[in-house]
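Enquirer: Sharing a structure with you now.
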Amino acid sequence: MGLPKVKYIVYRPEIGAVVGALAVAIAFSSLTEAFLTFDNLITIMTIGAELGIVTIGVAFLMISGEFDLSVGAVFALAPLVVIALANLGIDMFIGFVIAMALSMLVGYVNATITLRAGIPSFITTLGTMFAIRGALLMLTGGFPLKYKGPVHPLMVVLGGRTPFEFRMSAIWFLIGVAILAIILELTPYGNHVFAVGSNVVVSEEMGINVRKVKMTNFILCSALAGLGGCFTLDRLKMVDPLLAMGMELEAIAAAVVGGCLLRGGYGSIIGAAIGALIISMVKCGLVLIGVQAFWYQAFIGVILVIAALINAYISKWILKRR
C-alpha cells in the first residue's frame, strides 16, 4: 500500500514547487537572518497574495489550454475604477461591483475573440493588454490617481491588517486557492478543464462543451485579476496606471514553477500558489541581501526556464510510466 502512495506524491504537479520553495527559503535564510523574521514573512505573504490570486486564475486558464496576458492591465484597471468613482462621491462598494463587472467583461471579450475568430489567446490578450494600458494612461494623464476619502470598510475587508498583522488579502488568497483546488481536483468541471487542455477534439467527442469551459475560465481569470488589484486599495491608497506592469509574465512564470504545462492539460492550483510565493520570496530575499533591483527580472527569467525544463522532463517521465 505504501508504494502507490509514494507514486501518487511523486506524480503530483506541485511537488517541484514544494522542493523549490524549500530551496529558496534555505538559500536566503543562509544569506541573511532577516529573511526568516516575522516582518519579512508578512511582506512575503502580502506580495504573494496579490500575485497569487492572479496566478491561480492564470493557472486555471492555462490548464484548459489558453493564456491571458491582460491580467496585469486588469489588475490596474479595477482599483483605478474603484478610486475614480469613490472620488466622484460614489460608494466604494458600488465602485467595487462595477470594477469587478468590467474585469469580467474583459475576460468575456478575450474569450469571444479567441473562440469565435480562432485567434490565439496569446495575441488576443496581448492586444487587450495594450488597449487597457493605453486607456488607463489617457484617463490619468500618466499620473497616479490618489484616493481622496477616508478609509472605507471595503478597503479593510479586502486588504486591511488583521490582529496578527497579516493583511486580509492573504486570507482571501488562501480561500481562493482552497476553492479553486477543490473545483479542479474534485468536481466534474475540473475534469472537463483537464480534458479540454489535453485534447480539444477528444473532449468534444466526449460531449464536453469546450467553448463554455474556456469562456468560463477566461472570465474567472480576469475576475481574479481585478480582485487582486483591489487588494492594494488599503495598502497603496492610490493607483498608478502602470501598476502591475509585467505581472502577467510573473503569473505565468509562477504557474509554470508550480507545475502547469504551457501546452495545457496538466497542473495544480496549489502548485501555482506556491510558485507565486516562491517569486515573492525571491523578490524579498534579493532586497534583503542588497542585490540591485534590476537583477530581479534576470532571476525570474532563470527560474522560469529552469522550471519549464523540469516540467518538460517530469511530464515525459510520467507519460512513460502510465
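The values are calculated or read from the model by the stated rules, or taken from the named source; none is laboratory data. All of these numbers come straight from a predicted model, not from anything done at the bench. Every residue, glycine among them, receives a Cβ derived from its backbone with ideal geometry; neighbour counts consider all protein chains shown. Remember, those area values only see protein heavy atoms, side chains included, never the ligands or the DNA or RNA. Shrake-Rupley method; radii C 1.70, N 1.55, O 1.52, S 1.80 Å.
Enquirer: What is the distance, in nm, between label points placed 7 Å from the Cα along the Cα-to-Cβ direction at Ala298 and at Asn87?
Expert: Going from the Ala298 label point to the Asn87 one covers 3.8 nm.
Enquirer: Further question on the same structure: Counting only heavy atoms of protein chains, what accessible area per residue, in Å², does the chain have with a probe of 1.4 Å?
Expert: Per residue, the chain has 47 Å² of solvent-accessible surface.
Enquirer: In the chain, what is the count of Lys pairs whose alpha carbons are under 28 Å apart, counting only pairs at least 8 residues apart or on separate chains?
Expert: 9
Enquirer: Between Ser29, Ser222, Ser103, where does the largest GNM mean-square fluctuation fall for the chain, given springs only between Cα atoms within less than 10 Å?
Expert: Ser29
Enquirer: Work out from phi, with θ = phi - 60° and the Karplus expression 6.51 cos²θ - 1.76 cosθ + 1.60, the ³J(HN,Hα) of each residue of region 149-162, listed in order in whole Hz, and give x for Gly and Pro.
Expert: Per residue, the Karplus-derived 3J(HN,Hα) values read x, x, 4, 9, x, 4, 4, 5, 5, 7, x, x, 6, 8 Hz.
Enquirer: Give me the extension gain from Leu242 to Val157: residue separation times 0.36 nm, minus the current Cα-Cα distance, reported in nm with one decimal.
Expert: 28.1 nm
Enquirer: If I model a spin label as a point 7 Å beyond the Cα along the Cα-Cβ vector, how far apart are those points for Ala135 and Glu185 in nm?
Expert: 3.7
Enquirer: Can you match volume of the Cα convex hull per residue in Å³ to one of these, (1) 165; (2) 135; (3) 149, based on a calculation from the structure here?
Expert: After the calculation, the listed value that fits is (3).
Enquirer: Continuing with the same structure: Can you list residues from other chains, or at least 5 along the same chain, whose modelled amide H is less than 5 Å from the amide H of Leu145?
Expert: Amide H neighbours of Leu145: Val239, Asp240.
Enquirer: Can you list which of the trypsin sites (Lys or Arg not before Pro) found in region 85-163 are DSSP loop residues with at most 13 other C-beta atoms within 10 Å?
Expert: Numbers: sites: Arg116, Arg133, Lys146, Lys148, Arg161; in loops: Lys148.
Here the trypsin sites (Lys or Arg not before Pro) that fit, given the DSSP loop and packing criteria, are Lys148.
Enquirer: In whole Hz and in residue order, list the ³J(HN,Hα) couplings for region 62-79 that follow from phi through the Karplus curve 6.51 cos²θ - 1.76 cosθ + 1.60, θ = phi - 60°; x for Gly and Pro.
Expert: 4, 5, 8, x, 10, 10, 9, 8, 9, 5, x, 5, 5, 4, 7, 4, 4, x
Enquirer: Pop out the ³J(HN,Hα) list for region 27-42 in order, Karplus 6.51 cos²θ - 1.76 cosθ + 1.60 with θ = phi - 60°, rounded to Hz; leave Gly and Pro as x.
Expert: Working through the residues one at a time gives 4, 6, 5, 7, 8, 8, 6, 6, 5, 8, 6, 5, 4, 5, 4, 5 Hz.
Enquirer: Roughly speaking, to the nearest percent, how much of the chain's 1.4 Å accessible area is carbon and sulfur?
Expert: Working: 11180 of 15250 Å².
Result for the chain: 73 percent of the exposed heavy-atom area is carbon or sulfur.
Enquirer: Follow-up question, since we're still on this one. Could you give the length gained by full extension between Glu33 and Tyr108, i.e. 0.36 nm per residue of separation minus their alpha carbon distance, to one decimal place?
Expert: Residue separation times 0.36 nm, minus the Cα-Cα distance, leaves 22.3 nm.
Enquirer: Using a Gaussian network for the chain with springs between C-alpha atoms less than 10 Å apart, which of these wobbles most: Ala223, Ala178, Ala307?
Expert: Checking each option, the largest mean-square fluctuation is seen for Ala178.
Enquirer: A further question on this structure: Highest first, please rank the peptides 44-51, 241-248, 119-126, 199-206 by the mean number of other Cβ atoms sitting within 10 Å of their residues.
Expert: Going by the mean number of other Cβ atoms within 10 Å, highest first, we get 44-51, 241-248, 119-126, 199-206.
Enquirer: Ok, one more. Taking amide H atoms as placed 1.01 Å from N in the peptide plane, list the residues 5 or more away in sequence, or in a different chain, whose amide H sits under 5 Å from that of Arg167.
Expert: Under 5 Å from the amide H of Arg167: Thr162.
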